[in-house]
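Reading through the C-alpha cells given below for one structure.
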Amino acid sequence: MSSENSPADDENSSADDARQVWDVVVVGAGPAGASAAYAAAVTGRRVLLLEKAELPRYKTCGGGIIGPSRDALPPGFELPFRDRVHAVTFSNNGRFTRTRRSRQMLFGLINRPEFDHQLVEHAQKAGAELRTGVTVQRVEQHGSAVPDRRTVAVVLQGGETLLARAVVGADGSASRIGAHVGVKLDQVDLGLEAEIPVPETVAEDWKGRVLIDWGPMPGSYGWVFPKGDTLTVGVISARGEGAATKRYLEDFIGRLGLAGFEPSISSGHLTRCRADDSPLSRGRVVVCGDAAGLLEPWTREGISFALRSGRLAGEWAVRISEAHDAVDARRQALNYAFAIKAGLGVEMSVGKRLLTLFERRPGLFHAALTGVRPAWRAFTDITRGRTTLGELIRSHPMAQRALSAVDRRQAATAEPVAEESGS
Ligand SMILES: Cc1cc2nc3c(=O)[nH]c(=O)nc-3n(C[C@H](O)[C@H](O)[C@H](O)COP(=O)(O)OP(=O)(O)OC[C@H]3O[C@@H](n4cnc5c(N)ncnc54)[C@H](O)[C@@H]3O)c2cc1C
C-alpha cells in the first residue's frame, strides 16, 4: 500500500488486512494476466495472481514475438528466444513458394511455457503473490458473499471465496470473467498445432527461417516456426470447419515431408476477436487479452495484445481499487476502455478489414508479399515494431483507398440482407 495513506485509508487498510481484501486479484497467468499483475504490483498494491494450471504450463501457440510484444515487456525482461527469424518462405496453398530474406532480425520465437513462466516470475518479483492450481468459478459484485459495494467476491472451485477491490479477468479464450462482463465476439477461429521434434539435419534446414502458407479455406493460413530441435507447425481457420482445418494441417505436414516424425504434442485452441461494441468492464471487473477478445483479426497475433492490454488493465485496476463509489469505479473503467479502443481497437479494425480482403484475394497478398518491395517492407516494419497496422494504413493513401473499396463492397453485399430482415 502507498506510504502516503490518509488516516481514513489506514483505517480501511487495517480493516482490509483483517478481512484479507486484496487490492487487485488477477485471474489467469498468461501474458495478459502476468502483465496486469506486474503493472499493479509495481505500484505497491496487494496483488494476487490466480492460475488454474501448475506452471510452467503448455499453451497452443506459435510463440512468434513481434516488435510490439518485445516493446511491451516489463523492464529488465530477457526474451528466452529459441530462434531468431531472418527469412520467411511464403507459399499459396503449397504453391508458388518464395523465400525472402533480411539481414536484420524480423521477429523472434519463444516456447510459451518458458516465456509465460518468466513473465509470472517478473510479476512476483514486483510483489504479486501467485496461487496456482486454483480455478476461479465466478465473480460476484452483489449478494451475500460481497461485504460492501467496494468489494468483489472471487469464488474458487471448491467454494473458497477471496475478496478484492478490483478484478482483472485474463483467463483466456474460454473466459469465465469475460462471460461475467458480457464480452461479445465478432470472430472465432480454431488453431491446430503440432510440436514436432526433428533430427538435427532437418532442424538445420529450418534454422532462422519460418514458413507461412495461405490456406485453402477463406481466411486460413499455416506456419512452421522452428525452435531448435522442434518445429511448431500449425494452421488456423474460422471455427465451424473443424474437419477441413484438421485435413489442412495433415496435408500441410505431409507436403513439408514432416509426416514421418511423431509430434510430442498435438493440440487445438480457439482465438476470439471482440465485437466493436463489446464491453471491457463491468463494475469493478475489467478484462484483457484473449478474455476480452483482443487479438489482431488477420494474423491472429495475440501476445502483444495480451501484454499491452494486460498492462493497461493492471494500471486501471489499481485506480478502480481506490474508487470510493460505483460512479468513480465506472469512470476509471471507462478510461481503461478508452485507452484500449484508442490503441488496440484501431489496430483491430484495420486487421479486420485486411482479413476481409485476404479472405477474398489470398493470391493478391501472396503476390504482394513475394513480389512487391513496399509490401515486404511493410511486413518487416510491422514484425520489427517500427510501425503498426494502423499507422501504416494512415500513412499510405493507396492502402487506405484499397481498404475503403473493401468497405464499400462489403456494405453493398450487406445491404440486401438488411432490407430483407427489415421487411
Ligand atoms: C494456434 C495458435 C497459434 C498462435 N500463435 C501466436 C503467435 O505466434 N504469436 C502471437 O502473438 N499470438 C499467437 N496466438 C495467440 C496467443 O496465443 C494468445 O492471444 C495469447 O495466449 C493470449 O494471452 P492471454 O494471457 O490473454 O491468454 P492465455 O495465454 O490463454 O492465458 C490464460 C490463462 O488463464 C488460465 N485460466 C483460464 N481459466 C481460468 C480460471 N477459471 N481460473 C484460473 N485460471 C484460469 C489459463 O490456464 C491460462 O494460463 C496463437 C493462438 C493460437 C490458438
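The values are calculated or read from the model by the stated rules, or taken from the named source; none is laboratory data. Keep in mind the model is a prediction, meaning the values are calculated, not measured. Backbone-built Cβ (ideal geometry, glycine too); neighbour counts: all protein chains shown. The area values use the complete protein model at the heavy-atom level, side chains included, leaving out ligands, DNA and RNA. Shrake-Rupley method; radii C 1.70, N 1.55, O 1.52, S 1.80 Å.
For the chain, modelled as a Gaussian network with Cα springs under 10 Å, which listed residue fluctuates most, 85, 210, 346? Top of the fluctuation ranking is 346. Pairs of Cα atoms nearer than 8 Å and 6+ residues apart set the relative contact order; for segment 192-293 it is 29 percent. Under the simplified labelling scheme, the residue 229-residue 255 pair shows an inter-label distance of 3.0 nm, with each label point 7 Å from Cα along Cα→Cβ.
Let's test the formula: R0 of 35 Å, r as the Cβ-Cβ distance of residue 246 and residue 346. What FRET efficiency results, to the nearest 0.05?
It comes to 0.50.
Annotation: residue 266 carries an accessible surface of approximately 90 Å², with a 1.4 Å probe and no ligand, DNA or RNA atoms counted.
For residue 99 and residue 381, the FRET efficiency from 1/(1 + (r/R0)^6), where r spans their Cβ atoms and R0 equals 25 Å, is about 0.85.
Think of each Lys and Arg Cβ as +1 and each Asp and Glu Cβ as -1; about the Cα centre, that makes the dipole of the chain roughly 1460 debye. Given their separation in residues at 0.36 nm each and the Cα-Cα distance between them, residue 391 and residue 405 gain 3.2 nm when the chain is fully extended.
What ranking do 226-235, 350-359, 387-396 get when scored by the average of other Cβ atoms within 10 Å per residue, highest first?
On the way: 226-235: 21.8, 350-359: 19.9, 387-396: 17.0.
Per-residue Cβ counts within 10 Å, averaged per peptide and sorted highest first, yield 226-235, 350-359, 387-396.
Over segment 350-419, what is the mean sequence separation of C-alpha contacts under 8 Å (at least six apart), divided by residue count, expressed as relative contact order in percent? Contact order relative to length: 33 percent. Between residue 160 and residue 78, the modelled label-to-label distance comes to 3.4 nm, taking each label 7 Å out from Cα in the direction of the beta carbon. Ranked by solvent-accessible area (1.4 Å probe, protein heavy atoms only, all chains present), the residues 105, 217 order from largest to smallest as 105, 217. Dimensions of segment 350-419 from C-alpha coordinates, computed as largest minus smallest value along each principal axis and given longest first, are 45, 23, 18 Å.
For the chain, the solvent-accessible area of protein heavy atoms averages 45 Å² per residue (probe radius 1.4 Å; ligands and nucleic acids excluded). Using Cα atoms only, what is the angle between the long axis of helix 362-371 and the major principal axis of the chain, expressed in degrees (0 to 90) to the nearest 10? The angle comes out near 80 degrees. Within the assembled protein chains, the solvent-accessible surface assigned to residue 298 is about 30 Å², based on a 1.4 Å probe.
Considering only alpha-carbon pairs that sit under 8 angstrom and 6 or more positions apart, the relative contact order computed for the chain is 20 percent.
Within the listed set 262, 193, 315, the Gaussian network model of the chain (springs between alpha-carbon atoms below 10 Å) gives the highest mean-square fluctuation for 262. Axis of helix 31-41 versus longest Cα principal axis of the chain: the two differ by about 30°, to the nearest ten degrees.
Step through the table entries 59/227; 184/352; 52/341, compare each Cα-Cα distance with 22 Å, and write down the pairs that go over it.
52/341
Between the helical axis of 346-360 and the longest alpha-carbon principal axis of the chain there is an angle of about 30 degrees.
Just to be sure I understand: with springs between alpha-carbon atoms less than 10 Å apart, which residue in 376, 316, 206 has the highest mean-square fluctuation in the Gaussian network model of the chain? Most flexible of the set in this elastic network: 376.
Carbon-plus-sulfur fraction of the accessible area of the chain, 1.4 Å probe, in percent?
51
The gain in end-to-end length when the residue 328 to residue 185 segment is fully stretched comes to 48.7 nm, 0.36 nm per residue minus the alpha carbon separation.
Over the chain, the fraction of Cα-Cα pairs per 20 Å bin, rounded to whole percents and listed from the shortest bin up, is 26, 54, 20, 1.
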